[in-house]
């Protein structure tokens, strides 16, 4: 019983641990979950920085993999935002991934204005392409509308990709 309660507290303390602020500079961010659960955010600039894929990965506690955002399919957060900011943030993240794909571990995001596009790694490390992101964006648009925040999950990959407002928590 104690183990179940500890796991639930751990899961709640890590769920949605990543957050940017609208005043943060626009551009690419890598968010590393440290072994103690602290999220350390690294800013790479507006043009991105492909060397982020080589940054070490903190260990993600097993309880994080139980996050509800991992259910396969598109989901909505019931938060509205600027379709232009979402589109620009998705474009920035898409540019980073490129047609050949980029690898990353932990969590990654691209912020423009009040829009944030993100990718969450729950344990495997990820290699993702602009085409894959486009497919996830289409699924989110279809379910949530172009101005709706949401995410698309890939349980078998242990990942999710989505968009939200800069003031909202993700991953």
So is residue 58 on the phi > 0 side of the Ramachandran plot, assigned to a loop (DSSP other than H, G, I, E, B) and modelled with pLDDT under 95 or not?
no
Only one of 104, 14 is surrounded by 15 or more Cβ atoms within 10 Å (Cβ to Cβ), in contact with a helix residue (DSSP H, G or I) (Cβ under 6 Å, 6 or more places away or on another chain), closer than 21 Å to residue 168 by Cα and at pLDDT below 85, namely 14
Has region 88-95 got any residue that is within 15 Å of the chain's Cα centre (by Cα) and modelled with pLDDT under 90?
no
Checking the structure you have, find out if any residue of region 24-35 is part of a helix (DSSP H, G or I) and either surrounded by fewer than 15 Cβ atoms within 10 Å (Cβ to Cβ) or modelled with pLDDT of 90 or more (or both).
no
Given the conditions (1) within 19 Å of residue 140 (Cβ to Cβ); (2) over 16 Å from the mean Cα position of the chain (by Cα); (3) modelled with pLDDT under 90, which single one is not true for residue 67?
(2)
Of all the residues that make up region 107-120, how many are in contact with a strand residue (DSSP E or B) (Cβ under 8 Å, 6 or more places away or on another chain), in a strand (DSSP E or B) and either under 20 Å from residue 80 (Cα atoms) or at pLDDT 95 or above (or both)?
8
Examine region 157-169 for a residue that is at pLDDT 90 or above and more than 22 Å from residue 33 (Cβ to Cβ), and state whether such a residue exists.
no
If we keep just the residues of region 131-155 that are exposed (fewer than 14 other Cβ atoms within 10 Å of the Cβ) and under 16 Å from the mean Cα position of the chain (by Cα), which is farthest from residue 98 (Cα to Cα)?
155
Being assigned to a helix (DSSP H, G or I) and surrounded by 23 or more Cβ atoms within 10 Å (Cβ to Cβ) narrows it down to one of 90, 84, so name that one.
90
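The values are calculated or read from the model by the stated rules, or taken from the named source; none is laboratory data. Note that the structure is a prediction, hence the values are computed from the model and not measured. We place every Cβ from the backbone using ideal geometry, glycine too, and count neighbours over all the protein chains shown.
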